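K.L.:
First, the structure itself, so that you have it in front of you.
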Amino acid sequence: MMRKEPNKGPIDLSRLRRISLKQRKNLVKVEDFAMPVEPSAPFAQIINSLPHILAGEEFRSLVEAIVISRKNERQVVAALGAHVVKCGLSPIIIDLMERGVLTGVAMHGATAIHDFEIASLGGTSEDVAQGLKEGTYGMAEETARAFASAVKEGSKGKGLGRALGELILVTKSPYTKYSILAAASRLDLPATVHIALGTDTVHIHPEISGAEMGEASLIDFRKICSVVCELEGGVWLNIGSAVILPEVFLKAVAVARNLGHELRKLTTANLDFIQHYRAKMNVIERPTQVPDVPGQGIALTGHHEIMLPLLRLAILAAMEKK
């Protein structure tokens, strides 16, 4: 069969079918544009002035989902990466817990380490490069001893998050007020710590028992499964964890649905300055994109130190209106 040679000349565009701009469906309209407001405007008006396009609309959708969830007495849970504490945002999280907006928190080992160190001496986050050079990276004795004590107590039934929170409260440090774990214990809210053995500095130390740490963290996993079973109509916020907490959440959703909890009208959100694969799949897409089970996943990209204070104010402003 002879192949037809391509026409090497310029194409004739005179036969193109065209339409009127007025007939075309336009995805962007002026009524969706941002509206300039005065600096003295109420915060609710400032939020409403954001464009009703892309992240502006998704930000409002997340705020609305959180407010409706709490109005209906549903769960709103924050899964926190270490960056949240290291960026000085613990007071924002604690305030939302105290106001009854957040009903629980989850964190991985690094977040818990920073939370403990902040509570103990008002500072955290060592110079990793310098510490590696000097052979001192991860060698903080007080942190290791505290975790050894907490995992011993936590493995007896209360879990690692509650054990650490109670330990911090007992010390009565002047910086305890900055501890998310201590606040959760004080408010009797679930706070879970999910350990990946070998990923945290405390695992270096001889005081740590792998058996006790594994048991304490496994208790916390079962606790967060109980929370996720009650997440129907609620909100799960993944804030700054790229791997561990998205994986924990996915397994907890698997447990919940296996036990008959459909988790309908679930809102999940990933807040981070980079949208990572596991957060996208395990938080935003897989749990919410289920046939006949309505839900929504929201990805907001930006720096936590800007997004979280704005989100808090937007939530409180919306709650006042309700």
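The values are calculated or read from the model by the stated rules, or taken from the named source; none is laboratory data. Everything numeric here is computed off the predicted structure, so don't read it as measured data. With ideal geometry, Cβ positions are generated from the backbone for all residues, glycine too; neighbour counts draw on all protein chains shown.
K.L.:
Every residue in region 43-55 that is out of contact with any Ser or Thr (no Cβ under 9 Å at 6 or more places or on another chain) and surrounded by 13 or more Cβ atoms within 10 Å (Cβ to Cβ), please.
P.N.:
F43, A44, Q45, I46, I47, N48, S49, L50, P51, H52, I53
K.L.:
Are there any helices (runs of 4 or more DSSP H) wholly within region 128-178 with 2 or more residues that are surrounded by 14 or more Cβ atoms within 10 Å (Cβ to Cβ), and if so which?
P.N.:
141-153, 160-171
K.L.:
Continuing with the same structure: Test each condition in (1) assigned to a helix (DSSP H, G or I); (2) surrounded by fewer than 24 Cβ atoms within 10 Å (Cβ to Cβ) for G233 and report the one that comes out false.
P.N.:
(1)
K.L.:
Now for a separate question. Restricting to region 291-322, count the residues that are part of a strand (DSSP E or B), surrounded by fewer than 16 Cβ atoms within 10 Å (Cβ to Cβ) and either under 17 Å from the mean Cα position of the chain (by Cα) or not hydrophobic (A, V, I, L, M, F, W, C) (or both).
P.N.:
1
K.L.:
Can A119 be described as of a type outside the set (D, E) and either within 13 Å of L181 (Cβ to Cβ) or under 24 Å from the mean Cα position of the chain (by Cα) (or both)?
P.N.:
yes
K.L.:
Okay, next question. Report, by residue number, each residue of region 64-122 that is surrounded by fewer than 20 Cβ atoms within 10 Å (Cβ to Cβ), touching a residue at least 60 places away in the same chain (Cβ under 8 Å) and charged (D, E, K, R).
P.N.:
E64, K71, D95, E98, R99 - these are the residues of region 64-122 that are surrounded by fewer than 20 Cβ atoms within 10 Å (Cβ to Cβ), touching a residue at least 60 places away in the same chain (Cβ under 8 Å) and charged (D, E, K, R).
K.L.:
Read through the list (1) outside any loop (DSSP other than H, G, I, E, B); (2) out of contact with any His (no Cβ under 9 Å at 6 or more places or on another chain); (3) without any contact (Cβ under 8 Å) to a residue 24 or more places away in the chain; (4) not basic (K, R), then give the number of the only condition that L16 fails.
P.N.:
The one condition L16 does not meet is (1).
K.L.:
Same structure, new question: When the residues of region 29-88 are narrowed to those that are small (G, A, S) and assigned to a helix (DSSP H, G or I), which ends up modelled with the lowest pLDDT?
P.N.:
Result: A44.
K.L.:
How about region 190-205: which of its residues are buried (at least 22 other Cβ atoms within 10 Å of the Cβ) and outside any loop (DSSP other than H, G, I, E, B)?
P.N.:
Within region 190-205, A191, T192, V193, H194, V202 meet the criteria.
K.L.:
If the Cβ limit is 9 Å and pairs must be 6+ apart or interchain, which residue in region 286-313 that is touching a residue at least 60 places away in the same chain (Cβ under 8 Å) pairs with which residue that is surrounded by 14 or more Cβ atoms within 10 Å (Cβ to Cβ) and of a type in the set (K, R)?
P.N.:
Correct list of pairs: Q296/K265; A299/K280.
K.L.:
With the structure loaded, tell me whether G210 is without any contact (Cβ under 8 Å) to a residue 12 or more places away in the chain and either crowded, with 18+ Cβ neighbours inside 10 Å or out of contact with any helix residue (DSSP H, G or I) (no Cβ under 6 Å at 6 or more places or on another chain) (or both) or whether it fails that test. Break it down stepwise before answering.
P.N.:
On the way: without any contact (Cβ under 8 Å) to a residue 12 or more places away in the chain: no; either crowded, with 18+ Cβ neighbours inside 10 Å or out of contact with any helix residue (DSSP H, G or I) (no Cβ under 6 Å at 6 or more places or on another chain) (or both): yes.
No.
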